[in-house]
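We did not get these values from a lab; they are worked out from the coordinates using the rules stated. What you see is a predicted model, and the numbers here were worked out from it, not measured in a lab. Cβ placement follows ideal geometry from the backbone for every residue including glycine, while neighbour counts extend to all protein chains displayed.
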Amino acid sequence: MKLDDIAKELGLEYLTPQMSDTEAVDIAAGYASDLLSDVLANAPRGGVLVTLQVHLNVVAVASHAELSAVIFSAGRTPDDAVIAKAVEEDLHLYRATDDTFETVGRLHALGVKGQRA
Amino acid sequence: METVVYDIQSGDYASAGAASRQVKAHLKRLGADSDAIRRAMIAAYEAEMNVVIHSHGGRLEARFENDRLEVAVVDDGPGIANVELALTEGWTTASPEARALGFGAGLGLPNIRKNADHFTVTSSPDRGTRVEFTVLLRPQPVVPAATRSLALYPDLCTECRRCLAACPTGALRVRSGRPLLLDHLCIDCADCIGVCRPGALALADTAADVSELEGGALALPPAFLAGFGPRTPVTRVVAELTGLGFAELISSHTYEDALQTSVMAAALDHELPWPALAPVCPAALDLVELRFPSLIAHVAPAASPWEALYASHGDATGACVVSCPAQRSALVDLGAKPQWLVEPQLLRDALLPALFHGDRAAPVTTAPLPSGPDPAPLLRVTGVAHVLAVLERIEDGLLGNVPAIELFTCDGGCFGSPLLIEDHHLATTMWSNTKLDGFPGGRTVERAAPLAPRPGIRLDHDMGKAIEKLARLDRVRRALPGRDCAACGAPNCAALAEDVVLERADVDLCPYLPAPKEARA
């Protein structure tokens, strides 16, 4: 499923509008965790991460794990440095007003499933 | 070899990850494969974060070698009181600050251990901690793992070592009682499958049941049709196959003929340097890419006959009888589903009852059948040893007076595939005595992806280093007894010497070593 369609379906706010290719990014799998070691070890390459963590290291970990996008759940907002770093790393950032459980549930219903990397 | 050192500040969460990011960039420049990069990143990032979270500061030293990344992450204390406990998943001594950021879940060291090929951690409470790990940056395999058609079932290995002698590129080892494939050397031929009696080396997934394929078309090689012995003519096999319920039979020979004609024409028009090479056997092409990249320009830019067949019939191709792993790989690469690819033995078993039932009791004529098509004017070279010898000659510029050559890694060409039962001389004779009409005509199709040189047998990317290693290899080889007995699990003494120099094996594996210390020099 295209990232753009996911964002529309879930009513996500796009935090990195400097990047433009959201129609082209295909998301097949996802992961949800707030433990960064867990994300690093288990998140599926090219997938989407749902997390509460909004600090700079999330971008580093997501980039190392070669994720395509991160959704910050429960309305959590990263600061500008995080957004700038994400753009630099080619990582799409979104904010969801729903909590992690609800966000993941809706992603799953759209066909974005878990898939151990 | 190159060593790079990065400093890591204690408690600096904002720039944490910088060292491992630079290691990653370096690995990408070196062209390491993506799985190795991912594993190296996980290990490096975790080790780096440990310094940020737990230590007074330290550094990450990365050594980039030809085939491996060696990392040492050293800090200035305070050290780990109980290393064993620290290696337990979930155990942590991280500060609340680190935990709030999602670190300190007790997964760091276990994550490094899981992703590295070698891993050690030493620590003492006053001197600090040293984490060392190695990630092997294996070269890209000749055939991508996703399409490679040699399947390994290590538990079935009886350590007979027949495969070691059979493998033409020295890609196999038997280590710790199991076959080990150096996949950057495997050309997907069938030689090891042919000699592996217990079935530890076999053709990867193919169709499970012939009856599920009936009703559609069936594509098959002439070697299969002509492989039922001198008393079963091809026409009979064709009739029985139709009786099994296949809607249409497609024989690959029409595509082979088309390729021969087109390559010969291109050679005579001097569109290709002489001798032009017909891309008929995919394993032979792999061999050209791997060992004779300078000859790539000689290969006609056409797809192989099976690729052309599959491209021409598209979804209507139906089931395909594949006579070797290389053909299977080529078809899977084009999108064919493994369950539509048929191992010859499976279809043979399905046909035998019909072929030997009833009227089979009456002797079938053994008189020569009307003669088949004229033999192609291409020089036909079969069997890996002959293929290698001829490629060497071409490289030496000695075959410039030969217009075109077809190379087959199996003895006798596709008729000699180890997956086929009939002797290739008999099957070839049967086929050449056959004249068959009614098969769809073949054509040639342009090659989709150009051939490219494959790295794989260089000792080192750095030429100076490679020369050093070659000298070491020679020393080790001379210290070995030269019996080529394969007891060490390598096919011969030279292969063991290479394994030792590339740190894939220890020289002690040789049971006859007269003076182990010298050999280790």
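Rounded to the nearest 5, the antiparallel percentage of DSSP beta bridges internal to chain B is 70%. When a/c reaches 1.5 or more, the comparison of a/b and b/c decides; with that in mind, is region A:3-114 rounded, prolate or oblate per its Cα gyration tensor? Verdict is rounded for region A:3-114. Remark: region B:70-169 carries a charge dipole of roughly 500 debye about the Cα centre, counting +1 on each Lys and Arg Cβ and -1 on each Asp and Glu Cβ.
Residue order for B:ILE80, B:ILE296, fewest other beta carbons within 10 angstrom first, comes to B:ILE296, B:ILE80.
Computed across region B:2-136, the Kirkwood radius stands at 14.7 Å (inverse of mean 1/r, all Cα pairs). Model label sites at A:THR77 and B:LEU352, defined 7 Å from Cα along the beta-carbon direction, differ in position by 7.6 nm. Modelled spin-label separation between B:GLU212 and A:ARG106, with each label point placed 7 Å from Cα along the Cα-to-Cβ direction: 4.0 nm. If a spin label sat at a point 7 angstrom from the Cα of B:ARG130 along the line to its beta carbon, the backbone N atoms of region B:8-38 nearer than 18 Å would be those of B:8. Projecting the Cα atoms of B:THR122, B:ALA247, B:LEU399 onto the dipole axis of chain B, where Lys and Arg carry +1 and Asp and Glu carry -1 at the beta carbon, places B:THR122 farthest toward the positive end. With both residues required to sit in the protein assembly as shown, DSSP beta bridges show an antiparallel share near 55%.
Rounded to the nearest angstrom and listed largest first, the equivalent-ellipsoid semi-axes of region B:150-203 from its Cα gyration tensor are 15, 12, 10.
With viscosity 0.890 mPa s and temperature 25 °C, the Kirkwood radius over alpha carbon pairs of region B:86-198 converts through Stokes-Einstein to a diffusion coefficient of 138 µm²/s. Of all the C-alpha pairs in the protein assembly as shown, what % are more than 34 Å from each other? The calculated P(r) of the protein assembly as shown puts 57 percent of pairs beyond 34 Å.
Multiplying the residue separation of B:ALA25 and B:ASP423 by 0.36 nm and removing their Cα-Cα distance gives an extension gain of 137.9 nm. Spin-label model, B:THR120/B:ASP205: points 7 Å from Cα along the beta carbon direction are separated by 4.2 nm. What is chain B by shape, rounded, prolate or oblate, if you read a ≥ b ≥ c off the alpha carbon gyration tensor as root eigenvalues and call it rounded for a/c under 1.5, prolate for a/b larger than b/c, and oblate otherwise? Taking the square roots of the gyration eigenvalues as a ≥ b ≥ c, chain B is prolate. Among B:ASP205, B:ASP349, A:ASP34, a tally of other beta-carbon atoms within 10 Å of each Cβ gives an order, fewest to most, of B:ASP349, B:ASP205, A:ASP34.
Computed over region A:61-117, the P(r) tail beyond 12 angstrom holds 70 percent of alpha carbon pairs. If R0 is taken as 30 Å, the Cβ-Cβ distance between B:ALA389 and B:ALA316 corresponds to a FRET efficiency of 0.15.
For A:MET1 and B:GLN339, what does the FRET efficiency come to when R0 = 35 Å and r is the distance between their Cβ atoms, rounded to the nearest 0.05? FRET efficiency, A:MET1 to B:GLN339: 0.80. For B:ILE53, B:ILE187, A:ILE83, B:ILE421, the sequence from fewest to most other C-beta atoms within 10 Å is B:ILE421, A:ILE83, B:ILE53, B:ILE187. Express the C-alpha Rg of region B:45-108 as a ratio against the empirical globular expectation 2.2 N^0.38 Å, rounded to two decimals. My calculation over the Cα atoms of region B:45-108 gives 1.22. Evaluated at q = 0.17, 0.29, 0.30 Å⁻¹, the base-10 log of the normalised Debye intensity for region A:1-61, with identical point scatterers placed on the Cα atoms, takes the values -0.64, -1.31, -1.31.
Taken over the protein assembly as shown, lysine pairs spaced eight or more positions apart, or on distinct chains, with alpha carbons under 25 Å apart number 15.
Applying 1/(1 + (r/R0)^6) with R0 = 45 Å to the Cβ-Cβ distance of B:ALA100 and B:ALA151, what FRET efficiency is obtained, to the nearest 0.05? Result of the calculation: an efficiency of 0.40.
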